[in-house]
1. Within segment 78-106, track down each residue that is touching a helix residue (DSSP H, G or I) at 6+ places or on another chain (Cβ under 6 Å) and assigned to a helix (DSSP H, G or I).
2. Anything in segment 84-107 that is surrounded by 18 or more Cβ atoms within 10 Å (Cβ to Cβ) and touching a residue at least 60 places away in the same chain (Cβ under 8 Å)? List them, or say none.
3. I need the full set of residues from segment 256-289 which are at pLDDT below 95 and closer than 20 Å to residue 179 by Cβ, in order please.
4. Could you identify the single residue in 239, 198, 271, 222 that is in contact with a strand residue (DSSP E or B) (Cβ under 8 Å, 6 or more places away or on another chain) and part of a helix (DSSP H, G or I)?
5. Cβ-Cβ distance below 6 Å, separation of 6 or more or different chains: which pairs start in segment 267-289 with a residue that is within 12 Å of residue 188 (Cβ to Cβ) and end on one that is surrounded by fewer than 18 Cβ atoms within 10 Å (Cβ to Cβ)?
6. Filter segment 161-182 down to the residues that are surrounded by 18 or more Cβ atoms within 10 Å (Cβ to Cβ) and outside any loop (DSSP other than H, G, I, E, B) and list them by number.
7. Can residue 276 be described as within 21 Å of residue 198 (Cα to Cα) and in contact with a strand residue (DSSP E or B) (Cβ under 7 Å, 6 or more places away or on another chain)?
8. Kindly indicate whether any position in segment 65-77 is assigned by TED's automatic domain parsing to the domain that holds residue 244, surrounded by 20 or more Cβ atoms within 10 Å (Cβ to Cβ) and part of a helix (DSSP H, G or I).
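The values are calculated or read from the model by the stated rules, or taken from the named source; none is laboratory data. Fair warning: this is a prediction, and the values are worked out from it, not measured in the lab. Here the Cβ is made from the backbone with ideal geometry for all residues, glycine too, and neighbour counts use every protein chain on show.
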């Protein structure tokens with residue numbers, strides 16, 4: 001069974017991915033596969049075993065789960081990892097579908113697992129993936145849009161400084177473009193609009209995919225009660241909470257210290273601008289503006 005963890009990026013998806021990948025029944029792409037895309041299958045098995053067996057935080061620095069953007073681009077298509085808009089069911093061609101199935105099925109067989117988990121951040125791609133893998137389940141991790149915008153602004157890969165003509169998400173919808181222009185074309189505001197644009201795509205995908213295949217979890221809830229949230233996620237994915245997983249889960253410390261860092265890192269005026277811009281989207285996901 002192939003399942004997907006999806007989120008905007010800088011939303012807590014890496015933490016959740018790394019925790020779930022500790023489960024002995026879960027296969028995943030490791031950075032060994034990313035760095036050695038044409039290595040024999042034992043390298044793929046080695047990556048997951050090293051990650052699960054090395055104690056403490058050591059594996060996160062050396063061997064860890066990853067999105068496999070480079071290897072997906074090489075073995076399938078860059079369209080899958082670097083599209084200017086969300087991918088839809090109509091974007092699936094027989095050639096792409098075959099390549100995607102082969103990519104994940106070969107890795108699941110190589111690792112000897114029935115459950116394979118992959119993370120995508122940015123556009124959800126959920127309708128595209130659902131067309132190819134109709135039984136796949138999706139776990140969407142959501143984070144407060146102000147926190148996401150604040151974090152994006154600090155990333156070296158963030159291209160928002162180029163404006164919406166050169167950033168990650170293609171042309172802005174006219175209503176958002178006008179909103180940004182009218183408010184003075186703030187970089188902070190553009191990052192917030194980027195989050196809003198992605199949440200529109202996630203909301204559309206959620207409404208279009210059967211409800212039993214979609215789960216939403218907020219990063220703040222995960223941090224506040226990780227055992228409860230992980231237990232619910234494992235059940236949704238059809239995975240048991242085993243004694244082996246319990247030992248690995250116990251290695252993690254879930255800190256709430258960064259959940260409201262945006263309040264310290266943004267000025268009052270910048271925060272007020274984001275509150276106005278994101279209010280409806282924040283309320284839709286249970287946040288107070």
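1. 80, 89, 91, 97, 100, 103
2. 86, 104, 107
3. Matches in segment 256-289: 289 only.
4. The conditions single out 222.
5. 275/289
6. Correct list: 176, 180.
7. no
8. Yes, segment 65-77 contains at least one residue that is assigned by TED's automatic domain parsing to the domain that holds residue 244, surrounded by 20 or more Cβ atoms within 10 Å (Cβ to Cβ) and part of a helix (DSSP H, G or I).
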